[in-house]
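Peer 1: Can you keep this structure in mind? I'll have questions shortly.
The values are calculated or read from the model by the stated rules, or taken from the named source; none is laboratory data. As the structure is a computational prediction, the values presented were derived from the model and not from experiment. No Cβ is skipped: glycine too gets one built from the backbone with ideal geometry, and neighbour counts run over all protein chains shown. Calculation scope for accessible area: heavy atoms of the full protein, side chains included, ligands and nucleic acids excluded. Shrake-Rupley method; radii C 1.70, N 1.55, O 1.52, S 1.80 Å.
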Amino acid sequence: MKTVVCCRVHNFHPLGWTPSTSTTSTSSTSTSTTTTTTTTITPFIFLGSVDLEVTRVAMGITDINDPQEWNDAFDIIWGAETGAAFTSIEITDNNIKLIGGLDDLKVIIAPGAGINAFDTNYHLPSLTDIDLSENINLTVFDPSVQLFSPFFFSLNLSQCGLTSFNPTFPLPESTDGINLFNNKITSFDPTLPLPQFLVTLSLGVNLITNFDPTLFLPNNITTLALQSNLLTTFNPTLALPNFLQTLSLANNQLTSFNYSITYLGSLITLDLTFNKITLFNPPTSLPASLTSLFLNNNLLTSFSPTVPLPVALQQIVLASNQITSFTYATSYLTSLFALDLSFNQITFFSPPTLTSSLRVLFLTRNQITNFSPLNLPNLEALAINRNAGLSVFSTNSIKSNMTSLNAVQCSLSSASVNSILARFVSLGIHGASILLNGAGNQPPTGQGITDKNTLIANGCTVQTN
């Protein structure tokens, strides 16, 4: 009779390492033979360095061969106890092995430390975070073993030199954030599913020309950041996550936005700033949950979507386009509090109806000559400065809750300036900012000077010529 008892053998061989010990013992009797094989690995973290001196200085270490200094460096950089308990350091050429004491290690942290390679031969059961950001020579992230920590939270590989992201082993399901901001990634299409509890996926500032993953993104993602890539269209084949709250496509090369996002019932923010959009007319309604719509710095000449905007919408930003008139009726947008039309070419601002909920209106640097909107009972802040031809200003837009009026560099006469100051005094407004100075405006006269002094005495900031 023969009995064989074997311990579990780890067969991982990252970067050519071999098990540190391997022993075999055999005992025999007249009736049986027992063989016991034990294989033990020495856990380590591998860091490839472009320059050991750069790494030493970045980590704040005096002696790069001292494991206690590495333990202290992790704690100091992280700002909390990391559980680092390295027992020895091995350095070969520019390769660093942080050896032993990995069971309680909570973080791996070496931002901006001249790292060009990372690996480990251990599952790191207590790991919560990896931060290898700002290592511009780190082009690949693909650990040789699967990380099994149930506590893992975030992976920060921002500002590195990654050209793709497709690890051989899946990240722990508990992963909450993956930050790939500012790399050189040209496409994003992992072959393995992303962690199911992923909340934030940051792909901003890369070289992605088409976003069309083969696998569904996890439903728990609330933020999808694709700003500052090379997208010319956005039309992913698979549905985006149901719980998505923020979709950022800013600073790409989109000429239109024809993707139907009605089904995104949790979307709060849609950011399309700094693109080349000439017409904003979505094919279907925007999500009812949407509160912020950013379309500034595009090539819009008008704003008249044919589908109704969400009633929940709170701010619309259309600054820095080529809009010549704004006639869109907003009265049904009963939650809208901010409308920004600054830096356009508007000569005529007279929407048929403005929502009474509007509290902030920005019209800076347009070509408006007459500001006489319909009643704005809740307006608190009005910026109409740098409209060089503005000579007619209706004081009916000034209500008792106004806290800021900026009409710098317009063409207001002394009579107009006087009437504005008189309106603030008559409403008993205290603590407001009233800016009526700058080239083109005339100084107050007579009672206007008295009213200016009254307002200053009431705690207002008043600037006139």
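Peer 1: Please express the Cα-Cα pair-distance distribution P(r) of the stretch 230-368 as a list of whole percents, one per 10 Å bin, running from 0 to the bin with the greatest distance.
Peer 2: 12, 43, 36, 8, 0
Peer 1: Let me ask something else. Placing +1 on the Cβ of each Lys and Arg and -1 on the Cβ of each Asp and Glu in the chain, which of N258, L279, N65 has its Cα farthest towards the positive end of the resulting dipole?
Peer 2: Ranked along the dipole, the leading option is L279.
Peer 1: Moving to a separate point now. Tell me, what are the semi-axes, in whole angstrom and largest first, of the equivalent ellipsoid of the chain as set by the roots of 5 times the Cα gyration tensor eigenvalues? Walk me through the numbers on the way to the answer.
Peer 2: Working: eigenvalues 789, 135, 67 Å².
Whole-Å semi-axes of the equivalent ellipsoid: 63, 26, 18.
Peer 1: Taking R0 as 51 Å, what FRET efficiency do you get between N375 and T209 from their Cβ-Cβ distance, rounded to the nearest 0.05? Intermediate results must be reported in sequence, preceding the final value.
Peer 2: Numbers: r = 49 Å, r/R0 = 0.95.
So the FRET efficiency works out to roughly 0.55.
Peer 1: How large is the accessible surface per residue of the stretch 254-326, computed with a 1.4 Å probe and reported in Å² as a whole number? Let's see the in-between values first.
Peer 2: Working: 2650 Å² over 73 residues.
Heavy-atom accessible area per residue stands at 36 Å².
Peer 1: Could you calculate, for the stretch 155-314, the ratio of the Cα radius of gyration to the Kirkwood radius, expressed as Rg to Rh? Intermediate results must be reported in sequence, preceding the final value.
Peer 2: Details: Rg = 15.6 Å, Rh = 16.1 Å.
Value, to two decimals: 0.97.
Peer 1: Next up: How about K97: which lysines have a C-alpha closer than 20 Å to its C-alpha, ignoring those fewer than 8 places off in the same chain?
Peer 2: K106
Peer 1: Another question, if that's okay. Any lysines with Cα under 30 Å of the K452 Cα? List them, leaving off those in the same chain fewer than 8 positions away.
Peer 2: Reachable lysines: K399.
Peer 1: While we're on this one: Can you give me the angle between helix 67-78 and the longest principal axis of the chain, using Cα atoms only, in degrees from 0 to 90, rounded to the nearest 10?
Peer 2: Here the helix axis deviates by roughly 20 degrees.
Peer 1: Of all DSSP beta bridges located in the chain, what percent are antiparallel, nearest 5? List each step's numbers first, then the result.
Peer 2: Working: 23 of 77 bridges.
So the antiparallel bridges amount to about 30 percent of the total.
Peer 1: Go through S292, T87, L132 and say which Cα lies farthest out towards the positive end of the charge dipole of the chain; charges sit on Cβ, +1 for Lys and Arg, -1 for Asp and Glu.
Peer 2: Farthest towards the positive end: S292.
Peer 1: Something else about it: Can you grab the distance from the C-alpha centre of the stretch 44-76 to the C-alpha centre of the stretch 114-167, Å, no decimals?
Peer 2: 17
Peer 1: Something else about it: Determine the share of the chain's accessible area contributed by carbon and sulfur atoms, expressed in whole percent, with a 1.4 angstrom probe.
Peer 2: On the way: 10510 of 19920 Å².
The C+S portion of the solvent-accessible surface of the chain is 53 percent.
Peer 1: Something else about it: Averaging over all projection directions, find the projected area of the Cα convex hull of the stretch 45-174 and quote it in nm² with one decimal place. Display every interim value, and only then the final one.
Peer 2: Values: hull surface 27.5 nm².
Computed as one quarter of the Cα hull surface, the answer is 6.9 nm².
Peer 1: Considering only protein heavy atoms, what per residue accessible area in square angstrom results for the stretch 40-129 with a 1.4 angstrom probe?
Peer 2: Working: 3580 Å² over 90 residues.
The answer is 40 Å² per residue.
Peer 1: Another one. Under the √(5λ) rule applied to the eigenvalues of the Cα gyration tensor, what semi-axes describe the equivalent ellipsoid of the stretch 173-236? Give them in Å, descending. Walk me through the numbers on the way to the answer.
Peer 2: Numbers: eigenvalues 74, 33, 21 Å².
Semi-axes (√(5λ), whole Å): 19, 13, 10.
Peer 1: Right, next: Please grab the % of Cα pairs in the stretch 319-366 that end up more than 13 Å from each other.
Peer 2: The proportion of pairs with Cα distances above 13 Å equals 55 percent.
Peer 1: In debye to the nearest 20, how big a dipole does the chain give about its Cα centre with +1 on each Lys and Arg Cβ and -1 on each Asp and Glu Cβ? Can you show the working numbers first?
Peer 2: Numbers: 13 positive and 25 negative charges, 407 e Å.
Roughly 1960 debye, rounded to the nearest 20.
Peer 1: A further question on this structure: Can you give me the angle between helix 447-457 and the longest principal axis of the chain, using Cα atoms only, in degrees from 0 to 90, rounded to the nearest 10?
Peer 2: 30
Peer 1: Alpha carbons only, please: Rg and Dmax for the stretch 238-308, in angstrom.
Peer 2: 11.6, 33
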